[in-house]
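What follows is a short report on a single structure.
The values are calculated or read from the model by the stated rules, or taken from the named source; none is laboratory data. All values reported here derive from a predicted model rather than from experimental measurement. Neighbour counts run over all protein chains shown; Cβ positions are idealised from the backbone, glycine included. We work out accessible area using only protein heavy atoms, side chains counted, and drop any ligands, DNA or RNA first. Shrake-Rupley method; radii C 1.70, N 1.55, O 1.52, S 1.80 Å.
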Amino acid sequence: MAKRNVLLMLFMTLVLPVILRSQGIPNFSGTWKIAQIDPPVDPRNGRPPGPGGGLGGGGDAENAYGASIREIFAQAPQMFVITQAANQITVQLGSEKESYTLDDKPMVTPAGDMNALKTWAHWDGAKLHLHFKKGMNWGRDILSMSDSKLVVLRDIESGGGSTTYTLTYSKTQ
């Protein structure tokens with residue numbers, strides 16, 4: 001009887017927390033298309049958020065770097081693809097890919113480049129915080145699930161201006 005109680009306590013101490021924690025972490029994998037933007041207009045200028053963004057800080061350049069800034073730092077990306085594994089997540093916006101390890105350690109792509117894309121991520125309960133920086137542009141997406149929808153709180157600071165939107169996406173696949 002005592003041996004069974006010890007085994008039960010060992011199970012509850014070591015295995016049960018892992019099972020419970022894994023049930024609370026959502027899987028964001030899939031192709032997502034914008035369903036709703038809140039607020040529907042940029043409070044600074046009264047216009048809907050554009051698919052581009054990142055003007056200033058290099059985003060206004062007509063080269064590959066400027067195009068990269070416009071895709072990554074778009075105020076309200078219309079569509080994106082997420083691939084998620086146990087310890088890594090990749091977000092593709094147009095032709096740009098952002099990779100994150102889920103341990104809050106920065107990744108730098110390409111390594112050694114002062115204007116490289118820097119990404120880091122961490123969990124806060126069932127919410128995933130994705131941080132990204134390229135050149136003088138900063139951003140943070142907080143991903144969560146609501147019913148079958150992906151909700152993204154997007155904070156972007158680019159070219160001296162900052163915006164915050166709540167974006168709701170529907171899965172397309």
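For this structure, a couple of remarks:
- Single condition Trp138 does not satisfy, out of (1) farther than 15 Å from Glu71 by Cβ; (2) of a type outside the set (S, T, N, Q); (3) at pLDDT 95 or above: (3)
- Qualifying residues in the stretch 66-99 (those that are of a type in the set (Ser, Thr, Tyr) and open to solvent by 60 Å² or more (accessible area, probe 1.4 Å)) - the one modelled with the lowest pLDDT: Ser95
- Exclusive hit being outside any strand (DSSP E or B) and either in contact with a strand residue (DSSP E or B) (Cβ under 8 Å, 6 or more places away or on another chain) or at pLDDT 95 or above (or both), set Lys105, Lys133: Lys105
- Hits in the stretch 119-128 - residues which are in a strand (DSSP E or B) and surrounded by fewer than 17 Cβ atoms within 10 Å (Cβ to Cβ): His122, Trp123, Asp124, Lys127
- Test: residue in the stretch 89-112 that is at positive phi, of a type in the set (Gly, Ala, Ser) and in contact with a helix residue (DSSP H, G or I) (Cβ under 9 Å, 6 or more places away or on another chain): yes
- When restricted to residues that are surrounded by fewer than 17 Cβ atoms within 10 Å (Cβ to Cβ) and free of Cβ contacts under 8 Å to residues at least 24 places away in the same chain, the stretch 141-173 contains 8.
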